[in-house]
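What follows is one structure encoded as structure tokens, with my remarks underneath.
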Amino acid sequence: MADAVTPRGPKPRPRFSRTNIMLYGTLIVVAAYYALPLYVMIVTSLKGMPEIRIGNIFAPPVEVTYQPWVKAWAEACTGINCEGLSRGFWNSVQILIPSVILSIAIASVNGYALANWKFKGSEVFFTILIVGAFIPYQVMIYPIVIILREMGLYGNIWGLVLVHTVFGMPILTLLFRNYFTSVPEELFKAARVDGAGFWGIYFRIMLPMSLPIFVVAIILQVTGIWNDFLFGVIYTKPADYPMTVQLNNIVNSVQGVKEYNVNMAATLLTGLVPLIIYFASGKLFVRGIAAGAVKG
Amino acid sequence: MSSSTKARRPSSLFRNLSAKLASIPMVLTALVVFVGGTAWTVVYSFTSSKLLPKANFVGLDQYERLWSTRRWLISIENLAVYGFFSMIFTLVIGFTLAALLDRKIRGEDVFRTIFLYPFALSFVVTGLAWQWILNPDLGVQSVVRGMGWESFTFNPLNDPDIVIYGILIAGLWQGTGLIMCIMLAGLRGIDQEIWKAARVDGIGTVKTYVRIIIPMMRPVFITALVLIASGIIKIYDLVVAQTNGGPGISSEVPAKYVINYMFRAQNLGQGFAASTMMLLSVVIILIPWAYLEFGGKKRG
């Protein structure tokens, strides 16, 4: 009966054990390192230039000023053009909206056809698509210039929309195909018996059932397209440059005195859209990148 | 059921017609852009195209010129150094962070959110942020000097010998969170019984990770490797934003070489040859992977 006195279950770990201090200590130091650049950008963007020249980049601002943000948005110059980043922002919005809609519309139909309406050769095209995702963009950039020129879309926002649709297709098609494959087949068969066709089943059954995967796809595309630099610089004219390209031109312009506070405000403004999406979407963002990483 | 067999069977081309029509964009992308575009670039890399593509075949001339251009050799060397260290550090840091987060800690979500947020930012933003932090006159170097260590030198972005490591710092900051997430998902997929068994046998935590857990996570590591490798070859915007290839040409990379020759130097043939070399390096990486992934499965 002596056993009844001894406590059961595993020995509880003391809260401040050596391992715990090491564990949390390491995590906190590493987290501080990852957070540092964002912190430095924010404090720099809120200081005046005299304070930056004499001070420490890690020090919080003595005198908070919002002037750099105003200047970055409305007055910063690229070459002779001094309209600020706002133009790049609106260009990016104009590129983003049709690109996201078109790429997701096409890829979801692809995924649906591949999952439920397999035809001869459909798997071959899908394999080419997935292998194509690994081809460096540089290999296909010039042939696309020729195709767009023939279509009269080179140097036009719609040409860039098409490029984003094409290069977003492999990953999105994979995402939707895997999702639609997991939908119970009985549902699909029942709809077929009721006489629904390809589009009927897509719009009435698949679409309403798969809203979460559409949200994942939207997150993936909005951050991906917003962050694009290469396609923006190649397939649009300077007047239509997306925000990332304009940002780079503003910050790395060789003319004039460097205004680090304006530069950092501009950098933060460009990073704001993906950051907001990231912090607001939480687990869905992780699900999006995991879907991209784990092949079907 | 037997009554339906009376209906005329439609010709096979028109069966499933809506699905085929709906797949036209996919078929065009696969055949015209991916297959056609790639083949076109490879073919035209054997021509002397300058401002415009011309089918004037010159054999391997472009490749000979490519491999005797200093700028290309520097690009390749930079890619090799960046690739080697990026591969090792991303795997080690990504796995270590995932393992730390997997120790049933409090505030896991907060830590994960902090480690992953750089991945949401573009390479341009990443490059510009680190360009500022590494600024010799006002950044880290001046802060350390200001604390009394006058001879402290840390100015990678202006030193041709170590500029690529300055880019590596920024690249690791941006990309390790993604690998951590993949590793964490892999660790969560491991049966808890394994840990119990290891504890019963008296195997230490570190040893359990190295000897048991990591070998079990082989597929996760392969996925991570493929992701890291394809990211390394694509590296372009980070360099453009952070150093623009400088000082001089000491931080050039192949992807930037291609764009420069195609769109700035108006030497398309060189650009095509360089991009074909990039394609070749991807093929060399992909074939063993595809063999391991798909060849192995069929045997088993």
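Do the sum for chain A: with -39,500 (n - 2.57) for every DSSP H run of n ≥ 4, divided by all residues, what is the mean residue ellipticity at 222 nm, to the nearest 500 deg cm²/dmol?
Numbers: 14 runs with 201 residues, N = 296.
The per-residue figure over chain A is -22000 deg cm²/dmol.
Its DSSP H runs of at least 4 residues, each contributing -39,500 (n - 2.57), put the calculated 222 nm mean residue ellipticity of chain B at -19000 deg cm²/dmol, to the nearest 500. Computed on protein heavy atoms with a 1.4 Å probe, the accessible areas place B:Asp109, B:Asp159 in the order B:Asp109, B:Asp159, largest first.
Counting only other chains, what is the mean number of Cβ atoms within 10 angstrom of the Cβ of each residue in peptide A:25-37? Intermediate values should be presented prior to the final figure.
Working: counts 0, 3, 11, 3, 0, 8, 8, 1, 3, 11, 4, 3, 11.
The mean count of partner-chain Cβ atoms within 10 Å per residue comes to 5.
Cross-link partners for B:Lys256 among the aspartates and glutamates, with Cα-Cα distance under 16 Å and sequence neighbours closer than 8 places in the same chain left out: A:Asp228, B:Glu77, B:Asp237.
Could you rank B:Phe272, A:Phe125, A:Phe279 by how accessible they are, 1.4 Å probe, largest area first? Could the numbers behind the result be given before it?
Details: B:Phe272 0, A:Phe125 40, A:Phe279 110 Å².
Solvent-accessible surface, decreasing: A:Phe279, A:Phe125, B:Phe272.
Considering only the other residues whose Cβ falls under 11 Å of the Cβ of B:Pro136, what net charge follows from Lys and Arg at +1 and Asp and Glu at -1?
Values: positive: B:Arg145; negative: B:Asp137, B:Asp159.
It works out to a net charge of -1.
Dipole of chain A (Lys/Arg Cβ +1, Asp/Glu Cβ -1, origin at the Cα centre): which of A:Asn156, A:Pro136, A:Ala113 lies farthest to the positive side? It is A:Ala113, whose Cα lies furthest towards the positive end.
Reducing the range B:68-91 and the range A:108-126 to their Cα centroids gives an inter-centroid distance of 39 Å. What the Cα atoms of chain A give is an Rg and a Dmax of 25.6, 91 Å. Taking all Cα-Cα distances within the range A:16-65, those exceeding 15 Å account for 55%.
Only protein heavy atoms count here; under a 1.4 Å probe, B:Arg264 has an accessible surface of about 150 Å². The relative contact order of chain B, computed from alpha carbon pairs under 8 Å that lie at least 6 residues apart in sequence, is 27 percent. Taking the centroid of alpha carbons for each part, the range B:20-41 and the range B:112-127 are 33 Å apart. Distant-in-sequence amide contacts of B:Thr47, defined by a placed amide H-H separation under 5 Å and a gap of 5 or more residues or a different chain, comprise B:Val58. Panel note: the C-alpha atoms of the range A:34-152, placed on their principal axes, show extents of 69, 37, 26 Å (largest first). Each Cα pair of the protein assembly as shown feeds into the Kirkwood radius, which the Stokes-Einstein equation turns, at 10 °C and 1.306 mPa s, into a diffusion coefficient of 60 µm²/s. Distance from the alpha carbon centroid of the range A:212-227 to that of the range B:205-248 works out to 23 angstrom. Computed from backbone phi with θ = phi - 60° and the Karplus coefficients 6.51, -1.76 and 1.60, the 3J(HN,Hα) list for the range A:60-65 is x, x, 6, 10, 6, 10 Hz; x is used for glycine and proline. Report the Cys residues of the protein assembly as shown lacking a disulfide-compatible partner, meaning no second Cys Cβ under 4.7 Å from their Cβ. Singleton cysteines: B:Cys181. Take each residue in A:122-129, count the other chain C-beta atoms within 10 Å of its C-beta, and the mean is 4.
Given A:Lys189/A:Lys283; B:Lys207/B:Lys234; B:Lys54/B:Lys234; A:Lys47/A:Lys258, which pairs have Cα atoms separated by over 25 Å? Before the final figure, lay out each step's value.
Numbers: A:Lys189/A:Lys283 33 Å; B:Lys207/B:Lys234 36 Å; B:Lys54/B:Lys234 27 Å; A:Lys47/A:Lys258 14 Å.
Listed pairs above 25 Å: A:Lys189/A:Lys283; B:Lys207/B:Lys234; B:Lys54/B:Lys234.
Summed over both chains, the accessible area lost when A and B associate is about 7400 Å², using a 1.4 Å probe. The mean number of Cβ atoms from other chains found within 10 Å of a Cβ in peptide A:238-244 is 1, as a whole number. Projected over all directions and averaged, the alpha-carbon convex hull of the range B:71-299 occupies 16.8 nm². Taking all protein chains as shown and a probe of 1.4 angstrom, B:Met147 keeps an accessible surface of around 150 Å².
Say a paramagnetic label sat at a point 7 Å from the Cα of B:Ile214, along Cα to Cβ; which residues of the range B:181-199 have their backbone N under 20 Å from it? Residues B:181-191, B:194-196, B:198-199 qualify, since their backbone N sits under 20 Å from the label point.
The values are calculated or read from the model by the stated rules, or taken from the named source; none is laboratory data. Being a predicted model, the structure only gives us computed values, none of them experimental. All Cβ positions, even for glycine, are placed from backbone atoms using ideal geometry, and neighbour counts span all protein chains on display. Side chains included, ligands, DNA and RNA excluded: accessible areas come from the protein's heavy atoms. Shrake-Rupley method; radii C 1.70, N 1.55, O 1.52, S 1.80 Å.
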